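Here's the structure, in C-alpha cells; my notes come after.
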Amino acid sequence: MSHIVTRQKSTAVPPIARPPSALRARLLALPRRHKRLLQVTVDTCLIWLALWLAFYLRLDDVYAAQPFGGHAWLFIAAPLLTLPVFFGFGLYRAVMRYVGYQALATVAMATSMSAALLAIAVSLHPEPPAIVPRSAVIIYWLLSLMFIAGLRLAMRQYFRGVAFNLHSGSFLHINQLRDPKVRVAIYGAGDAGNQLLMALRLNNERHPVAFIDDNLELAGRIIAGLPVFGPGEIARMLMEKNPQEVLLAIPSASRARRAEIVRLLAPYPFSVRTIPGFMDLASGRVQVQDLREVDISDLLGRDSVQPDQQLFERCIRDQVVMVTGAGGSIGAELCRQIVQNRPRTLILFEQSEFNLYSIQSELDRHVKFAGIDLKIIPVLSSVRNQERLFNVMSIWKVDTVYHAAAYKHVPMVERNIAEGIINNIFGTLYSAQAALRAGVPNFVLISTDKAVRPTNIMGCTKRVAELVLQALACEALPCPYGSFAEHSIPNRTRFTMVRFGNVLGSSGSVIPLFREQIRAGGPVTVTHPEITRYFMTIPEAAQLVIQAGAMGQGGDVFVLDMGEPVKIAELARKMILLSGLSVCSPHNPNGDIDIEFVGLRPGEKLYEELLIGENVSATEHPMIMRANETHLEWEQLKSALTELGKAVKYDNYPRIRELFLELVDGYKPDDELVDWIDVQQRSAGASARDVDRFAPAIRPEIAQFEV
C-alpha cells in the first residue's frame, strides 16, 4: 500500500485510510449480549428510517409520516413484527466479520417476510387515523433491505480493517498503509483464486495486488477489487503492482499445465507458491490459508499415474498386510495408501523406534478420525532377525508383505559395504524365507533403477535381492538357505519386484538438500552438469508398488513408464528462480545463488536405466510394464550367497567384487571396494585371526550362515 500512497505524492495517510483501531478493538471486545443489543438497537433505528423515507418518497412531503401522531401505531408495529423475524432467521447469531453471500440471502428473506407481515397489518388495521399508501410498504421493503444488508456489509469491511479507496475504486486493507506486508499476485481468477483472496484479506499477512489469468477475456477487468492481467502482461504487472510473490490458485490444473506456468514465471524476480488442492482442504489436512512452495513435481511436466482401484484392493482389502521398513519414506507412504484400502490388520515392521512411533501415531489418528475398523500392530525389529520375521508372519497369518526395508543412500552404502550387503541382500533373503515358511501368498520387493547395470554397491545389492526372489519364484520346492536348510518348503508365495527411479522428497534425496542450500544462501551443489535422473512422487511410487504386486504371477519385475529423465542441474536452476532469487553465472555475475559442480560421488552414474534388456511386455495397467529378464537357478544362487556371506564375514572385499561381477549383469565398479570399518581395522594392524575371532560378535547375522 505504501506504493499507492507514494504515487499520490503525499507522505500523509489519507483520512479514509486511518483506521479507528481503538474503537474497533473496543467493539470486538464487547460481550456477545452487548453486541446483540447494539445490533437490535441499530436495526430498529434503520427500520424507522426506512419507514419514514418510504412516506417521504411516496408523498414527497417531509411531514407525510407522523411517527408521534396518526402513524404511531405503524412505527411501533414495524420493529415488533420485524425483529422477531430477524431473530428467527438467525441474523443476530451471525459473526459480523464473516458475513457472506449466504447471510445476505438470509437478510433478503427476513426483510421480505417482515415487509409482508407489515402489509398484512396495514390491510387489517381498522380505519387508520392517518392514511398509509399501499405502495409505501413496497418502498419500505426495498429501503429496509438496502439498509439492513448494507449495514452488515459495511461492518464486515470495517471489522476486517478494509476501506474503500476512492482513487483506485477498490477495497484496501487500511492496516496495510500503516504496516506494509508481502505484496502478492494470484494466478487464477476463478473460484480457487477468489477463495484465496478472501483468506488473504482475513489474516492480513499478505496483501493481494492483482490477478493473472489465462482467460484473455478477463484481462483488463476488475475482480473483487483487483485488476486482472493476462499471461503476456506479467512484465507490465510487475512494473505497476510490484508483487513480491505469485500464488498459484489452480489446484485442478494438470501437472503439465503447472509446469508451463512455472516456466512462464521463472524469469521474473518473485517467488512462486501454490495453494493446496481441494481434496486436502476437504480432508482437513491443510487450511486454505496454508501456502506451500511450488512442489518440484510440478516442474517435471508429467501427470501422476492414476491407480486402478481394482488392482489397488486385490492384495489389501480385508487382509492382513505387513510392511517392512514401515517408517521410511516409501514404507510410510505404503502404509498410508494401504490404510485407505481397508485391510483387516496392518503390521508395521521397523527397526527405528522413532520412525515406528511416528508412522504408528499418524495412522492411529487417521483411523480414529475416519472411523475405520482396522488393527495396527507396531513391531520393533530388524529384517536381519530371521526368527522374528517368521514369528510375526506366521502368528498374524500375513497375506501380503511389502518389503521396503533397505539402505538406499548410494555414497553411504559405498563406504559401508558389509552393512549394505547384510541389510539389502540377506535381509531380503530372510524376509522371503520367512514368507515361504509362513505360507504368505504375496511378497513384493521395492527395487530401484540403480539395480540396472550398476556402478555402485547399493545397486548391486538391490539386483542380487531381485535375483533371490526370481530364483525362489521359479522353485516349486526351494531348499532354504542358512539355519533352516534341513527341509524343502512348498512354494505358496508369489514373489514380485517393482523397479522405479528417484522418489521426490524421500530421505536423502536431492530436493530437500537443494531447498536447504537455497535457504542458507548457497551454493547449490550438483555433482555433474549432465547428470540426469528419472523422478516420481512418493504417493505415485507407493501406488505402483501396490498395483504391480497385485498383477504379479511369480518372479515378475515391473517398471513404470516414467517419461523423460530430468537434468539435476536444470532442477536446481528452476528451484533457485522459483524462490525469488537469481542464478549466479558468467552472464549474471551479480546473481544471488551459485550452482557449484562438485564431481560424481563414489559409485554414482551419470544416467540411470530401468531395464536390463529390451524384452518388455504390457500389463493390464497402461503405465506399468513387465520386464522379462534373465535369472539364476536357486541352487546356483545359493552357492554364490554362501560365498558372499563368507567374504563379508572375513572382510574379503576383492572376493565380494568378484562375486558381484559374476552375479550382476553390467556391473562396472568405479574403483576398488572400500569399507570404512575394514580400513580402520587394517590400519590398526588387526590380523585375519582377530577378524575371524570377533566376526561372530560383530556380525551375528553372518555367524549363522552355513559357510
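The values are calculated or read from the model by the stated rules, or taken from the named source; none is laboratory data. Since this is a predicted model, take the numbers as computed values, not measurements. Every residue, glycine as well, gets a Cβ built from its backbone with ideal geometry; the counts of neighbours run over all protein chains shown. Accessible surface areas use protein heavy atoms only, side chains included; no ligands, DNA or RNA. Shrake-Rupley method; radii C 1.70, N 1.55, O 1.52, S 1.80 Å.
Numbers at a glance
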{"read-out": "Scan of region 245-254 for residues that are over 19 Å from residue 198 (Cα atoms) and surrounded by 16 or more Cβ atoms within 10 Å (Cβ to Cβ), ordered by number", "value": "253"}
{"read-out": "Only listed residue being at pLDDT below 80 and among the charged types (D, E, K, R), chosen from 570, 530, 516, 540", "value": "540"}
{"read-out": "Residue within region 563-582 that is open to solvent by less than 20 Å² (accessible area, probe 1.4 Å) and part of a strand (DSSP E or B) present", "value": "no"}
{"read-out": "Cross-chain or 6+ apart pairs with Cβ under 8 Å, region 365-389 first and within 30 Å of residue 465 (Cβ to Cβ), then modelled with pLDDT under 90 and open to solvent by 80 Å² or more (accessible area, probe 1.4 Å)", "value": "374/342"}
{"read-out": "Unique residue being open to solvent by 30 Å² or more (accessible area, probe 1.4 Å), assigned to a helix (DSSP H, G or I), at pLDDT 85 or above and out of contact with any Phe, Trp or Tyr (no Cβ under 9 Å at 6 or more places or on another chain) when the list is 233, 217", "value": "233"}
{"read-out": "Scope region 338-350; condition surrounded by fewer than 21 Cβ atoms within 10 Å (Cβ to Cβ) and at pLDDT 90 or above; matching residues", "value": "339, 344, 345"}
